[in-house]
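Step one of this worksheet: look at the structure below.
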Amino acid sequence: MTYSLLQTLRQDLSCRWKLVSAGPQGCECVAYLDAQTVMDRLDEVMGPENWQDHYREVAGKLYCDLSLRLDGEWITKSDSAIEDQGRDAADAFKRAAVKWGIGRFLYAIEPIQLKSLESGVDSQGQAHYVPVDELGRRIQHLSTYLNTVHSQQHLATPAQKEAIRRHCQQRGWSAEQLQTRLHRQQTNWKTLTQAQASRLLDELELVVAPAERLMRSA
């Protein structure tokens, strides 16, 4: 039961994107989760009564202690806000959640580079640049645009899918069992991404095939 809960916590979530740099050479965007999304995942998987967060300051840094009740026992994992956000409770909370696996998939998502377009000047009188699509049109809704582009550009490769099929055959999995596992990752065979396929292959490596179990017990 505990293993199943932890695996569910690790499943991908719909991420958001933010602009971290913009200039004449282009714009760089990185994926992130907001605190509300993390709270919703905890409520959904654990139940509101089975998680709690507490905050404490150590040497000027704010730490979040995120506790989950597993098999009747409270277990706590902690982390602090990053250096340039030293007292940001939301950042400390999200980093503590990563210790439980929530949002860990973000580390597999590379920053995305976009074209840029000069659009007036900022408050310092410097040229202001905005992200544009391949046709030079200003991108109004960054997260919606990049989630669509990212999913299209990073679908699982044919080699990954063939490896998944081979592992399933070796372990005696039916098509329905594979579909159930994909559903738990909030995806399907058509929309499976490279990162999801990589994690699925790691999981399949841990599954002991019936024939292998018989050989080990003999």
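Every number here is computed from the coordinates shown, using simple stated rules; none is lab data. Bear in mind the structure is a predicted one, so any value in this text is a computation, not a measurement. Glycine gets a Cβ as well: all are built from the backbone with ideal geometry, and neighbour counts include every protein chain shown.
Miscellaneous remarks
- Remark: relative contact order (the chain) = 19 percent; criterion is Cα-Cα distance under 8 angstrom and separation of 6 or more residues.
- For the chain, modelled as a GNM whose springs connect Cα atoms under 10 angstrom apart, the maximal fluctuation among V30, V58, V38 occurs at V58.
- A straight chain from R137 to L201 at 0.36 nm per residue would run longer than the Cα-Cα distance by 19.2 nm.
- Among the lysines of the chain, pairs that are 8 or more positions apart or on different chains and have alpha carbons within less than 15 Å of each other number 5.
- Residues S119 and T76, FRET efficiency given R0 of 45 Å [Cβ-Cβ distance, rounded to 0.05]: 0.45
- Among D71, D79, D88, the residue with the largest mean-square fluctuation in a Gaussian network model of the chain, with springs joining Cα atoms closer than 10 Å, is D71.
- Considering only beta bridges that DSSP places wholly inside the range 2-153, some 100 percent are antiparallel.
- Separation of the range 101-173 from the range 57-71 is 31 Å, based on Cα centroids.
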